[in-house]
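Q: Got a structure for you, written out below as structure tokens; questions coming shortly.
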Amino acid sequence: MEKKLCGAKTKSGEPCKKAALANGRCRLHGGKSTGPKNKVKHSESLKGNKNALKHGLYEAIWADTLTVEERELLDLVSTDPKAQVDNGLKLSEIRIRRMMTRIVQEEEKEKPNPVVVRAIEEAITRVGMNTVNLIRESSRLLEMNKSKSDGSLDRLVEILDRARKEFKR
């Protein structure tokens, strides 16, 4: 009996000479995986697959994939730079407090894992650096707003102050 070869094109351009599995390809060229075993179409079963999602930092988010709740939230989110910075600062504080709680929970275990504690501490440092950047941005926005003022509001305050003083007499 003749041994069936894979035949897939290799990097060098020649056909693969490894033994083929039941589907005609070797284990390196797709012989093992047959995809999801459910009866749903292959493309539908992979749409929105979050099996490998760990933290969501690099997750792609498209408007057409938002849930109803997320769409409502999107309408509530302010695009004002000052509000964005303020919200970022508040969320950073909440994130740090949550991580500190996780450290305490880990240290209260019978055998705390120092690797877990160290990883959380490093994450706190990253959030802290982000907080510093947000504070810088907030300061920059304040300076921009001060420089944008033409002084008319200050003059109005002075006029009202003089009017109050004259009214009191």
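Q: Go through segment 121-137 residue by residue and tally those that are out of contact with any Gly (no Cβ under 9 Å at 6 or more places or on another chain), in contact (Cβ under 8 Å) with a residue 12 or more places away in the chain and either polar (S, T, N, Q) or more than 13 Å from Q84 (Cα to Cα) (or both).
A: Adding up the residues that qualify gives 5.
Q: Which of (1) out of contact with any strand residue (DSSP E or B) (no Cβ under 6 Å at 6 or more places or on another chain); (2) modelled with pLDDT of 75 or more; (3) basic (K, R) is the odd one out, the single condition K54 does not satisfy?
A: Evaluating K54 over (1) out of contact with any strand residue (DSSP E or B) (no Cβ under 6 Å at 6 or more places or on another chain); (2) modelled with pLDDT of 75 or more; (3) basic (K, R) leaves (2) as the failure.
Q: Looking at (1) farther than 29 Å from P81 by Cα; (2) out of contact with any Asp or Glu (no Cβ under 6 Å at 6 or more places or on another chain), which is the one condition that is false for P112?
A: Every listed condition holds for P112 apart from (2).
Q: G7: on the phi > 0 side of the Ramachandran plot and at pLDDT 85 or above, yes or no?
A: Numbers: on the phi > 0 side of the Ramachandran plot: yes; at pLDDT 85 or above: no.
When the stated conditions are applied, G7 does not pass them.
Q: Pick from V157, V127, V117, V104: which is loosely packed, with under 11 Cβ neighbours inside 10 Å, part of a helix (DSSP H, G or I) and in the same structural domain as A83 (by TED's automatic domain parsing)?
A: Values: V157 fails: in the same structural domain as A83 (by TED's automatic domain parsing); V127 fails: loosely packed, with under 11 Cβ neighbours inside 10 Å; V117 fails: loosely packed, with under 11 Cβ neighbours inside 10 Å.
None of the other options fit; the residue is V104.
The values are calculated or read from the model by the stated rules, or taken from the named source; none is laboratory data. Note that the coordinates shown come from a computational prediction; the quantities given were computed from them, not determined experimentally. Counting neighbours? That spans all protein chains shown, and the Cβs are built from the backbone with ideal geometry, glycine included.
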